[in-house]
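Undergrad: Below is a structure I'd like to ask you about.
The values are calculated or read from the model by the stated rules, or taken from the named source; none is laboratory data. Please read these numbers as outputs of a predicted model, since none were measured by experiment. Heads up, the Cβs are rebuilt from the backbone with ideal geometry, glycines too, and the neighbour counts pull from every protein chain shown.
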Amino acid sequence: MAATSEPANAAKSRRKAGRHRGEGQWAVGHFTPLNGNEQVKKDDDGLHVRTRIETIYSQRGFDSIDPADLRGRMRWWGLYTQRKPGIDGGKTAVLEPEELDDRYFMMRVRIDGGRLSVAQLRAIGEVSEQYARGTADITDRQNVQLHWVRIEDVPAIWEKLEAVGLSTTEACGDCPRVIIGSPVAGIAADEIIDGTPAVREIHDRYIGSKEFSNLPRKFKTAVSGSPVQDVVHEINDVAFVGVVHPEHGPGFDLWVGGGLSTNPRLAERLGTWVPLDEVAEVWAGVVGIFRDYGYRRLRTRARLKFLVADWGPEKFRQVLEDEYLERKLVDGPAPEEPVSRWRDHIGVHRQNDGRYYVGFAPRVGRVDGATLTKIAELAATHGCDRLATTVEQKMIILDVAQERVDALVDGLENLGFQVNPSPFRRGTMACTGIEFCKLAIVETKGRGAALIEELERRMPEFDEPLTINLNGCPNACARIQTADIGLKGQLMLNAEGEQVEGYQVHLGGALGLQAGFGRKVRGLKVTADELPDYVERVLRRFQEQREPGERFAA
Ligand code: SF4
């Protein structure tokens, strides 16, 4: 296997080896792998595993897969083994990884910019039906995740997806993940700037490129020119947020170093304005810093946020300008407060061309292949060829003629999707949870869906923007720290002293200019059975004590 090559920029800096050597930073000359993950990446580029999947593993079956590929490099092609069914959350931390591995895979399909054509959605629906037992979840990064995928079927799935311009390339792994983008880019009537060309350029130039296929860890990108700020830019490694520069006009404000997980950190502004045609170059500079200076010694410190925390935004910008762009960036203004607390585009909205887009709400992102195919057919029947996924696990049909809106809304309702959902259906998200995730301790999707139904029944009058996010473990795939009510799965004792599934409660998280992480309420844990009662109590207390005009903020 070929060793990962040393990038030119890092090579230039080899002589700087010194006090940061212990963090495994390439830029200071430390190329010796300091942990197993770094060794796997050095032994062979994650992108190379595709050939082995096509020529060996899919032919000879699951048992032929090299363990380093199985638990490492296959992620570069969007593949993780899923959790073996029937293993409860109490075993998550005590079993060896291979004991949790099922012989089936989760496959993540990247949807850059969240934008899908009818043909693409139809293809995902067909793949789901044919190869994934009908499973399909819309994720909170605009991807679609399939489950129950067999290694034997992976080449056929790729062929089907790639025939319509979709891929699983670098959908997981230590590389640039899906580029999230405003789902209404280019069509929203109130848009500051359309970021679509930048999303496309980053994708076409850098995704699947060896230049960035060995990063210290995953790297998350967001681009949006919407005044709603609809890509959760505050918690991405790099984000470009639409702003108007007083002299230069519309462009993007650059943010770096956001991320959640067990050490959450909000991104910081570098105070610079980036024009649309420079976004890809600046993006590559930021990723280059991460590749070369990012910490590789400990996986828990290998995200860009730790480097930004140590350097601060001034030094980060200076290194970006001096070593990567070799020019100064233009100073720029901060974005304004988002124009809406809902950032999901649910409902019927007029586009800039006089047509409409219609956002609707699957419950906690869960759909299925047959339903995705029906959504594609519904869109096509009403003359639409474009759809989108959102970072709230929701979907949008674009380009609906005015005279078609009512019929389309009826069609969606017939499929079980509401265009005017309750705040609970609209604002609740759940991660994958114990059904498929090997790190999970508790169930999430089913419980989130049940919570929505229970709250709708108990509190039909509640009408406030609200976010309730459920995670199945201490990681943050469903962004619990930024929710009004964040629920972190864990095991606990119930009143009878029995170990049961429950949640640690975090209250008062927010994004936007008042962004902050929810308070972990000391000692406040609720069992899964108590969850509807607890959430109802919190919401009723708010209703009773609210001041006029006060919004819900737990
Ligand atoms: Fe799995 Fe935990 Fe992420 Fe949920 S939050 S998908 S349980 S790793």
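Undergrad: Which ones in the range 480-499 are touching a residue at least 12 places away in the same chain (Cβ under 8 Å) and more than 32 Å from the chain's Cα centre (by Cα)?
TA: Hit for the range 480-499 is N494, nothing else.
Undergrad: Name the residues in the range 313-370 that are β-branched (V, I, T) and within 21 Å of C384 (Cβ to Cβ), would you? Give the steps one after another, and end with the answer.
TA: To start, the set of residues in the range 313-370 that are β-branched (V, I, T) comprises 319, 330, 339, 346, 348, 358, 364, 367.
Hits for the range 313-370 are I346, V348, V358, V367.
Undergrad: Counting only residues that are away from the ligand (no atom under 16 Å from the Cβ), of a type outside the set (D, E) and more than 20 Å from the chain's Cα centre (by Cα), how many does the range 398-450 have?
TA: Of the residues in the range 398-450, 23 are away from the ligand (no atom under 16 Å from the Cβ), of a type outside the set (D, E) and more than 20 Å from the chain's Cα centre (by Cα).
Undergrad: Can you find a residue in the range 379-390 that is over 25 Å from V223 (Cβ atoms), within 16 Å of the ligand (Cβ to nearest atom) and touching a residue at least 40 places away in the same chain (Cβ under 8 Å)?
TA: no
Undergrad: Also, I was wondering about something else. Being in contact with a Cys (Cβ under 9 Å, 6 or more places away or on another chain) and under 26 Å from Q82 (Cβ atoms) narrows it down to one residue among G446, G433, G416; which is it? Talk me through it step by step, then tell me what you get.
TA: Details: G446 fails: in contact with a Cys (Cβ under 9 Å, 6 or more places away or on another chain); G416 fails: in contact with a Cys (Cβ under 9 Å, 6 or more places away or on another chain).
Only one candidate passes the filter, namely G433.
Undergrad: I'd like the full set of residues that are away from the ligand (no atom under 16 Å from the Cβ), among the small types (G, A, S) and assigned to a loop (DSSP other than H, G, I, E, B), limited to the range 486-515.
TA: The answer is A495, G497, G508, G512, A515.
Undergrad: Now for a different question. Considering G29, G89, which residue is farther than 30 Å from L307 by Cβ, modelled with pLDDT under 95, out of contact with any His (no Cβ under 9 Å at 6 or more places or on another chain) and surrounded by 15 or more Cβ atoms within 10 Å (Cβ to Cβ)?
TA: Result of the check over G29, G89: G89.
Every residue, every condition in (1) more than 22 Å from G433 (Cβ to Cβ); (2) over 21 Å from the mean Cα position of the chain (by Cα), yes or no:
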position: Y57; (1), (2): yes, yes
position: S64; (1), (2): yes, yes
position: R83; (1), (2): no, no
position: G86; (1), (2): no, yes
position: R108; (1), (2): no, no
position: L116; (1), (2): yes, no
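Undergrad: Something else now. When the residues of the range 451-469 are narrowed to those that are closer than 12 Å to P532 by Cβ and within 23 Å of the chain's Cα centre (by Cα), which ends up farthest from the ligand (Cβ to nearest atom)?
TA: Applying the filter and picking the extreme gives I452.
Undergrad: Next question. Which strands (runs of 3 or more DSSP E) sit wholly inside the range 320-372 and have at least 1 residues that are within 30 Å of V282 (Cβ to Cβ) and not aliphatic (A, V, I, L, M)?
TA: 356-360
Undergrad: When you scan the range 186-193, do you find a residue that is outside any loop (DSSP other than H, G, I, E, B) and in contact with a strand residue (DSSP E or B) (Cβ under 9 Å, 6 or more places away or on another chain), even just one?
TA: Yes, the range 186-193 contains a residue that is outside any loop (DSSP other than H, G, I, E, B) and in contact with a strand residue (DSSP E or B) (Cβ under 9 Å, 6 or more places away or on another chain).
Undergrad: Okay, moving on. Could you give me the residue pairs with C-beta distances under 8 Å whose first residue belongs to the range 72-85 and is among the β-branched types (V, I, T), whose second residue is part of a strand (DSSP E or B) wherever it lies, and which are 6+ apart or on separate chains?
TA: Partner pairs satisfying both residue conditions: T81/D101; T81/D102; T81/R103; T81/Y104; T81/F105; T81/M106.
Undergrad: Follow-up. Run down E129, E98 and say which single residue is within 29 Å of N469 (Cα to Cα), out of contact with any His (no Cβ under 9 Å at 6 or more places or on another chain) and not polar (S, T, N, Q). Walk me through it before giving the result.
TA: Numbers: E98 fails: within 29 Å of N469 (Cα to Cα).
Result of the check over E129, E98: E129.
Undergrad: Moving on to the next point. Looking at L398, L387, which is the one that is part of a strand (DSSP E or B), out of contact with any helix residue (DSSP H, G or I) (no Cβ under 7 Å at 6 or more places or on another chain) and at pLDDT 95 or above?
TA: Numbers: L387 fails: out of contact with any helix residue (DSSP H, G or I) (no Cβ under 7 Å at 6 or more places or on another chain).
Result of the check over L398, L387: L398.
Undergrad: Pick from the range 470-485 the residues that are within 11 Å of the ligand (Cβ to nearest atom) and assigned to a strand (DSSP E or B): which of them is farthest from A450 (Cα to Cα)?
TA: N471
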